Amino acid sequence: MSGPLAHEVVDALPDGVVLAGPDGLVTLISRVAATMLGVPPDSVGRPLGEVLALRDQDGNAWVGHNLPYAGLPTRTAVPEQSWLLPNGTEVLVAARIHRSALDQPVSQVAVTIRSGRGRARLDRERSDLVATVAHELRSPLTGVKGFVQALLNRWDRLNDEQKKLMLTTVAADADRLSRLIAELLDVARIDTGRLQLHPRPCDAAALTQRIVDSVVAGTARPIDLDVTGELPDIHADPDKFTQVVTNLVENAVRHGEGTVRVTLEPLVEGELTDQSGVRVTVDDEGEGIPVEMRRRVFTKFWKGGKRGGSGLGLYIVGGLTKAHGGTVTIGDAPGGGARISVAWPSGFPDI
C-alpha cells in the first residue's frame, strides 16, 4: 500500500509509524510519529537514523544500536524497547523487518512508536501492589515475631495463662496471614481467568446460617438473618459462595454500626436473565457508601474506612459472583448504612 491511502491509514492509528525502504530512506511517516519526533511531516527521503532521533539512557541511537539492515537473515523484528525522544519523553519503540526471502536483503523496515505513559502507569500500579501487600503482611508478621521472641526470652518467667495468651495471639495472626495469602491467590486466579469452580446444587439458607453463626462467635455486633419465601437451590461452588457471603458480612461488621442484617429471598422472575435464584442482601447501620464511590468499591485494594482489612474482599466478591453468572449491586440500607445485594442464579453459566 502506498500513496494517499497509506497516509490515511497510518494517520488514523493511535501509534506513530515510520516506514523506510531498502536504502534506509524514509518512505512514509505518520502525523503522530512526526509530532512525537519533532520532524516535518514531509520527511520522506531522509535517512531513517536522522528522522528517528531516539536515544537511550547511554546516548545510543536507535538505528545504530539495533542495526535493522544488518544481522541474521532470519531476523524479522526488533522487540519493543524503551527510548527517549529529543525532549526527554519516554516512548516504546518496536519494528518489523521485511525481506522478500531469507536470502534477500531487507526490503522494508516498519517502526512503531507509542507513548510510555501506559507502561509507567502499570509500573506505578505494580509498585502500589507490592507496597500494599508488604504492609498487609508485615503487620501480622510483626506480632508473630514479637510474641515468639518474648516466649523464647522469658519462657521460665511466664505463667501458663500468659503463655496461652501469647500463643493464642500468634495463632490469630497466623490465621490472618493465611487468609491474606488465600485472598491474593484468588485475586491472581480471577485476574488470569484460572479460577477453578466445583459447582453443585446448594442450600443457600443453610450455608448462610453457618456463616452467620461463625461470624457471630467472633464479634459482639448483633447479626440478624431473615429468610423470606421458598428459596430454590443455587448452583454454586459452596466454598466460593461461603467466601462471598462471609466477606460481605465481615465487611458490614468491620465498617458498619449497630445491627447487621442478612436477608435471603427468591429472585423476582426475569431479574437475572430468565433464571431463578436467590438474592442475598447485607445491610449495616454505618455511614454508607457514597454514590460516586460505588464503582471503585470492587477494585483491588479499595478501602472505604479506617478499620483495617486488605481491601481485597469486595473485589473477590465481584469476581466470584460474576464467575457464577450472578451480579452485585450497592445501595442504601433503610437505616442509612450500606446495602450490598448479590443475585445468585440457580443455573450455572458456560465458562
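Among 276-283, 291-298, how do they line up by average Cβ neighbours within 10 Å per residue, starting with the highest? Provide the component values of the computation, followed by the final result.
Values: 276-283: 24.2, 291-298: 13.0.
Put in order of decreasing packing, that is 276-283, 291-298.
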(Q) Quick one: 3J(HN,Hα) in Hz for segment 211-223, Karplus 6.51/-1.76/1.60 with θ = phi - 60°, rounded, Gly and Pro as x. (A) 4, 4, 4, 5, 5, 4, 5, x, 8, 8, 6, x, 10
Q.
Charges on Cβ only, +1 for Lys and Arg, -1 for Asp and Glu, centred on the Cα centroid of the chain; of Q196, F241, P22, which one is farthest towards the dipole's positive end?
A. P22
Q) Which residue, chosen from F147, P68, Q104, occupies the Cα position most advanced towards the positive end of the dipole of segment 29-164, where the dipole is computed from +1 (Lys, Arg) and -1 (Asp, Glu) charges on Cβ about the Cα centre? A) F147
Q. With the contact rule set at Cα under 8 Å and sequence spacing of 6 or more, what percent relative contact order holds for segment 1-78?
A. 19 percent
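Using r as the Cβ-Cβ distance of K164 and T219, and R0 as 25 Å, what FRET efficiency do you calculate, to the nearest 0.05?
0.70
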Q: Go ahead and set up a Gaussian network model of the chain, Cα springs under 10 Å, then flag whichever of V187, V227, V63 fluctuates most.
A: V63
(Q) How far apart, in nanometres, would the label points at T35 and M293 be if each is projected 7 angstrom from Cα along the Cα-to-Cβ direction? (A) 3.8 nm
Q: Could you check the simple spin-label distance between D42 and V148, using points 7 Å along Cα→Cβ, in nm with one decimal?
A: 7.4 nm
Q. Anyone know which of D11, D233, D284 comes out most mobile in the 10 Å Cα GNM of the chain?
A. D11
Q. Using modelled amide H (1.01 Å from N, peptide plane; none on Pro or chain starts), what sits under 5 Å from the amide H of G286, excluding residues fewer than 5 places away?
A. E257, G337, A338
Q) Residues with amide H under 5 Å of A236's amide H, sequence separation 5 or more or different chain, H placed in the peptide plane at 1.01 Å from N; which? A) R200, C202
Q: Tell me which residues come under 5 Å, amide H to amide H, from Q108 once H is placed; ignore anything under 5 positions away on its chain.
A: H98
Q | Point-charge dipole on Cβ atoms (K/R +1, D/E -1) for segment 69-219, about Cα centre, debye to 20 | A | 380 debye
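Over the chain, what is the relative contact order in percent, taking alpha-carbon pairs closer than 8 angstrom and at least six residues apart? Walk me through the numbers before you get to the answer.
Working: 586 pairs, mean separation 36.2, N = 351.
Computed value for the chain: 10 percent relative contact order.
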Q) How big is the charge dipole of the chain about its Cα centre, in debye rounded to the nearest 20, if each Lys and Arg gets +1 on its Cβ and each Asp and Glu gets -1 on its Cβ? A) 1180 debye
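First measure r as the distance between the Cβ atoms of A182 and D56, then evaluate 1/(1 + (r/R0)^6) with R0 = 30 Å and state the FRET efficiency to the nearest 0.05. Could the numbers behind the result be given before it?
Working: r = 42 Å, r/R0 = 1.42.
My answer for the efficiency is 0.10.
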Q) From the phi of every residue in segment 33-47, what ³J(HN,Hα) in whole Hz does the Karplus formula 6.51 cos²θ - 1.76 cosθ + 1.60 yield, where θ is phi - 60° and glycine or proline is x? A) 5, 4, 5, 4, 7, x, 10, x, x, 9, 7, 4, x, 8, x
Q. What list of ³J(HN,Hα) couplings, whole Hz, do you get for segment 50-57 from phi and the Karplus terms 6.51, -1.76, 1.60, once you set θ to phi - 60° and write x for glycine and proline?
A. 6, 6, 8, 7, 10, 10, 8, 5
Q: Let me know the charge dipole size of segment 1-112 about its Cα centre in debye, to the nearest 20, where only the beta-carbon of Lys, Arg (+1) and Asp, Glu (-1) is charged.
A: 160 debye
Q: Quote to one decimal, in nm, the extra length available between L5 and A171 on full extension: 0.36 nm per residue of separation minus the C-alpha distance between them.
A: 52.8 nm
Q: Identify which of E183, E287, E161 has the largest mean-square fluctuation in a Gaussian network model of the chain, with springs joining Cα atoms closer than 10 Å.
A: E161
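Where a number appears in this text, it was derived from the coordinates with a stated rule and is not lab data. Values in this document were obtained by computation on a predicted structure and should not be read as measured data. Positions of Cβ are generated from backbone atoms using ideal geometry, with glycine treated the same way; all protein chains shown enter the neighbour counts.
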